1. For the range 27-48, name all the residues that are without any contact (Cβ under 8 Å) to a residue 24 or more places away in the chain and not polar (S, T, N, Q).
2. If Ala54 passes every condition in (1) aliphatic (A, V, I, L, M); (2) surrounded by fewer than 20 Cβ atoms within 10 Å (Cβ to Cβ); (3) in contact with a His (Cβ under 9 Å, 6 or more places away or on another chain) but one, which one does it miss?
3. Six or more apart or on different chains, Cβ under 7 Å: which pairs go from a residue in the range 140-168 that's in a loop (DSSP other than H, G, I, E, B) to one that's basic (Lys, Arg) and surrounded by 13 or more Cβ atoms within 10 Å (Cβ to Cβ)? Could you list them?
Amino acid sequence: MNKAERTKQFIVEKTAPIFNRKGYSGTSLSDMTEATGLTKGSIYGNFASKDEVALAVFDYNLKKIESIIKGEMSKQQSVKDQLLVYVNVYSNFQNFPFPEGGCPILNTATEADDTHQVLKKKAAEAINLWKNKIISLVEKGLNNKEFKKPVNAEQFALTIIAMIEGGLMITNLTGKINYRKSIMQSVEKMIRELE
């Protein structure tokens, strides 16, 4: 990695928590200069615009979550236990190196749906990749006879994602952690009922 790449990575790492907490609109140039200790010229000498920083930050935060999920899934033998990784990680995200500020998919989708089409597209792509991963796992479980109950894999995947993201949103909004716990128990029940 050359110096310019290292500087870009530094900017992304230092501004990632701010964008994830405050959102695109709420993150100012002064937030970025304060977090990095760099000047406006240094930031925009490495990125063409705030948009470019925000997109790189979204990718960075998403990769952190994907890495956690992949790492935890690699420790599991059964498809059921691999699916239950989502319950474990999202129930106990404070125990993992989760992006500061919570789920970047939820945060970005909530803010960007009407205001920033490129970020909206990134969040939609992330949901689609997540959906496809769950579909693949469900189909694998059905094919290897681990799951006995017939299920529409896409509907199952979308429901799981909606419950997880909705649970996070409700918990963040109300401050009631027991709501997240209750919703994650429902997600776990759905997964276990596939057997």
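1. At the first step, the residues of the range 27-48 found to be without any contact (Cβ under 8 Å) to a residue 24 or more places away in the chain are 28-35, 37, 39-41, 44-45, 48.
Answer for the range 27-48, where residues must be without any contact (Cβ under 8 Å) to a residue 24 or more places away in the chain and not polar (S, T, N, Q): Leu29, Asp31, Met32, Glu34, Ala35, Gly37, Lys40, Gly41, Tyr44, Gly45, Ala48.
2. Condition not satisfied by Ala54: (2).
3. Close Cβ pairs (under 7 Å, with a partner that is basic (Lys, Arg) and surrounded by 13 or more Cβ atoms within 10 Å (Cβ to Cβ)) amount to Glu146/Lys80.
None of the figures in this text is laboratory data; all of them are computed from the coordinates on show. Just so it is clear, the structure is predicted and the values come from calculations on it, not from any experiment. Note that each Cβ is placed from the backbone with ideal geometry, even for glycine, and that neighbours are counted across all protein chains shown.
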